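What follows is one structure encoded as structure tokens, with my remarks underneath.
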Amino acid sequence: AHDGRPAPRGGLNAAAVPETLVESELFGHVKGAFTGASRDRVGRIRSAAGGCFFLDEVGDLPATAQVKLLRVIELDEVSPLGSDRSYAADVRYVAATHRDLAAMVAAGSFRHDLYQRLAGKVIRLAPLRERPEDIAEIGMAFVERHLDPTDPSLGSDSIRRWLDRPETRRHPWPGNVRGLQDALRNLVLGVG
């Protein structure tokens, strides 16, 4: 932002929100728009106005939300559910998915026009199994960020040894980085 403060950021994991709530989370709603809407809600896109909005697992967006999101992106404005009013939504969109969106477009399960809007700059990250040299660095970054490596009960040296093991590097990691993070949590908790 111009005043020296960081630009607003927002995000939503489309796979983690029930289909019936995705539009309310993205676009907001007004009180009484649907059963349970007891107060106005700004919505995640409006909360990020003037900044960046990260839409994780965009391939899981329901068809109706895809249509509405496309309109928001094209017009730079958003209308909360149940409202006739529109609000500025000048947002930079970043989207991620584990799905093959091009194949979904070809199959008709993802809108071509929305795909075109989001696919301006595509960064393909190889799965973790194709870059075993990154496993230790990614794993330790996760430990440092989320598991407090200064905790003596954590045993970060033993975690580093586990990350450097040939078996760990050869593992197919079907869940990619999330699978690695789950394995590290289990290791720390003594479950794995």
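Coordinate-derived values only; no laboratory data. None of these values were measured; they are calculated from a predicted model. Here the Cβ is made from the backbone with ideal geometry for all residues, glycine too, and neighbour counts use every protein chain on show.
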Base-10 log of normalised Debye intensity for segment 94-137 (one unit scatterer per alpha-carbon) at q = 0.17 Å⁻¹: -0.58
The chain - mean residue ellipticity at 222 nm from DSSP helices (-39,500 (n - 2.57) per run, n ≥ 4, rounded to 500): -11000 deg cm²/dmol
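Quick one: compute the contact order of segment 5-135, relative version, from alpha carbon pairs under 8 angstrom and 6+ residues apart, as a percent.
Numbers: 213 pairs, mean separation 32.9, N = 131.
Relative contact order, segment 5-135: 25 percent.
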Rounded to the nearest 20 debye, dipole of the chain from Cβ charges on Lys, Arg, Asp, Glu: 100 debye
Chymotrypsin sites (Phe, Trp or Tyr not before Pro) within segment 4-66: DSSP coil, no more than 13 neighbouring Cβ in 10 Å: F34
Cleavage-rule hits (GluC sites (Glu not before Pro)) in segment 1-50: DSSP loop, at most 16 neighbouring Cβ within 10 angstrom: E19
Difference of contour (0.36 nm per residue) and Cα-Cα distance, F142 to K31: 36.0 nm
For the chain, with +1 on Lys and Arg beta carbons and -1 on Asp and Glu, the positive-most of T64, P18, N176 along the dipole: T64
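Using just the Cα positions, wrap the chain in a convex hull and report its mean projected area in square nanometres, one decimal place. Intermediate values should be presented prior to the final figure.
On the way: hull surface 58.7 nm².
Result: 14.7 nm².
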Loop-located trypsin sites (Lys or Arg not before Pro) in segment 8-79, at most 12 other Cβ atoms within 10 Å (DSSP): K31, R39
The chain: angle of helix 63-75 to the longest principal axis, Cα-based, in degrees nearest 10: 70 degrees
